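The values are calculated or read from the model by the stated rules, or taken from the named source; none is laboratory data. Here the structure is a predicted model, which is why all the values come from computation and not from measurement. FYI the Cβ positions are ideal-geometry reconstructions off the backbone, even for glycines, and counts take in every protein chain you see.
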Amino acid sequence: MGNEINKLKKMIPKNKKTAYISNALDYSKNLDRKKQSEQRNIRELTRVGLKVEILNLRDYFGKRKKLKKKIKEFGVIWVRGGNTFVLRQAMKLSGFDVILKSMLKDNILYGGYSAGICVLAPTLRGLELADDPSSKPYGKKYETVWDGLGILNYSIVPHYKSDHPESKMMNKVVKYMIDNKMLFKTLKDGEVIIIE
């Protein structure tokens, strides 16, 4: 949830119904661990007053109109971490990427962590040093999506100098972004970026 929970609480819209998206974990075959992690996230979101419903983007692959109608029920979208490339693929196949961009003017709160924020960048280049771009849980026929959503004009490097298994890999990501003259921000676990 990060270190700005009081600010987050103030940003919650009247519609507290929250779409919790965990497709970044679709690469994992450890279903028990995935479920435990999801339940922990949902408990944290519930504690701040949100009414959480799991929204599985796989249920909407090729059904953008149906997803758009469903998304209108929510005041909050929360996207968890995992593999950024898997999450981006799920967003593309469901049309969530297009829907989210069209909703930015609406009174909706988007939050999340790790992959859930990394996808907002213009590009996912550099993140292949931490996440496997060849992970294809939805089928090998789909090409890796390297474009981010372009909602931010910079990339995010999460887990930077943190007590996280991917933290050392993030040093390589930072070096890649410096070498390629990319705009980026690092986030230590617990740090947040708030855009109102």
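Suppose we filter Leu93, Leu109 for residues that are touching a residue at least 60 places away in the same chain (Cβ under 8 Å), more than 20 Å from Lys34 (Cα to Cα) and out of contact with any Gly (no Cβ under 6 Å at 6 or more places or on another chain); which single one remains?
Every option except Leu109 fails the conditions.
Return a yes/no flag: does the range 29-44 have any residue that is in a strand (DSSP E or B) and of a type outside the set (Lys, Arg).
no
Mind listing whichever residues of the range 45-71 are at pLDDT 95 or above, assigned to a loop (DSSP other than H, G, I, E, B) and not small (Gly, Ala, Ser)?
Correct list: Leu50, Leu55, Asn56, Phe61, Lys63.
Any idea which residue in the range 75-106 is farthest from the chain's Cα centre (by Cα), counting only those that are of a type in the set (Ser, Thr, Tyr) and surrounded by 23 or more Cβ atoms within 10 Å (Cβ to Cβ)?
Ser94
For the range 97-137, which residues satisfy the criterion of being under 21 Å from Asp179 (Cα atoms), charged (D, E, K, R) and in contact with a helix residue (DSSP H, G or I) (Cβ under 6 Å, 6 or more places away or on another chain)?
Asp131
Quick one: in the range 107-129, of everything that is hydrophobic (A, V, I, L, M, F, W, C), in a loop (DSSP other than H, G, I, E, B) and at pLDDT 95 or above, which residue is surrounded by the most Cβ atoms within 10 Å (Cβ to Cβ)?
Per the stated criteria, the residue is Val119.
What do you reckon, is Asn3 surrounded by fewer than 14 Cβ atoms within 10 Å (Cβ to Cβ), touching a residue at least 40 places away in the same chain (Cβ under 8 Å) and within 20 Å of Glu166 (Cβ to Cβ)?
So Asn3 passes the test.
Of all residues in the range 165-175, which are surrounded by fewer than 18 Cβ atoms within 10 Å (Cβ to Cβ) and either in contact with a Lys or Arg (Cβ under 9 Å, 6 or more places away or on another chain) or of a type in the set (Ser, Thr, Tyr) (or both)?
Once the filter is applied, which keeps residues that are surrounded by fewer than 18 Cβ atoms within 10 Å (Cβ to Cβ) and either in contact with a Lys or Arg (Cβ under 9 Å, 6 or more places away or on another chain) or of a type in the set (Ser, Thr, Tyr) (or both), the range 165-175 yields Ser167, Asn171.
Specify which of the listed residues (Lys140, Lys136, Lys161) is outside any strand (DSSP E or B) and exposed (fewer than 13 other Cβ atoms within 10 Å of the Cβ).
Lys140
Identify all residues within the range 1-28 that are in a helix (DSSP H, G or I) and within 20 Å of Thr84 (Cα to Cα); write none if there are none.
Correct list: Asn23, Ala24, Leu25.
With the checklist (1) aliphatic (A, V, I, L, M); (2) touching a Ser or Thr at 6+ places or on another chain (Cβ under 6 Å); (3) free of Cβ contacts under 8 Å to residues at least 60 places away in the same chain in hand, flag the one item Ala115 doesn't pass.
So the condition that Ala115 fails would be (3).
Say we look at the range 176-188 and pick out the residues that are surrounded by 14 or more Cβ atoms within 10 Å (Cβ to Cβ) and more than 15 Å from the chain's Cα centre (by Cα); which of these is modelled with the lowest pLDDT?
Among residues in the range 176-188 that are surrounded by 14 or more Cβ atoms within 10 Å (Cβ to Cβ) and more than 15 Å from the chain's Cα centre (by Cα), the one modelled with the lowest pLDDT is Lys188.
Say whether the condition of being in contact (Cβ under 8 Å) with a residue 12 or more places away in the chain and under 12 Å from the mean Cα position of the chain (by Cα) is met by at least one residue in the range 130-146.
no
From the list Val86, Val79, Val52, which one is touching an Asp or Glu at 6+ places or on another chain (Cβ under 9 Å) and aliphatic (A, V, I, L, M)?
One residue alone meets the criteria, Val86.
Applying the selection to the range 3-30, what residues are farther than 15 Å from Glu44 by Cβ and not aliphatic (A, V, I, L, M)?
Lys7, Lys10, Pro13, Lys14, Asn15, Lys17, Asn23, Asp26, Tyr27, Ser28, Lys29, Asn30
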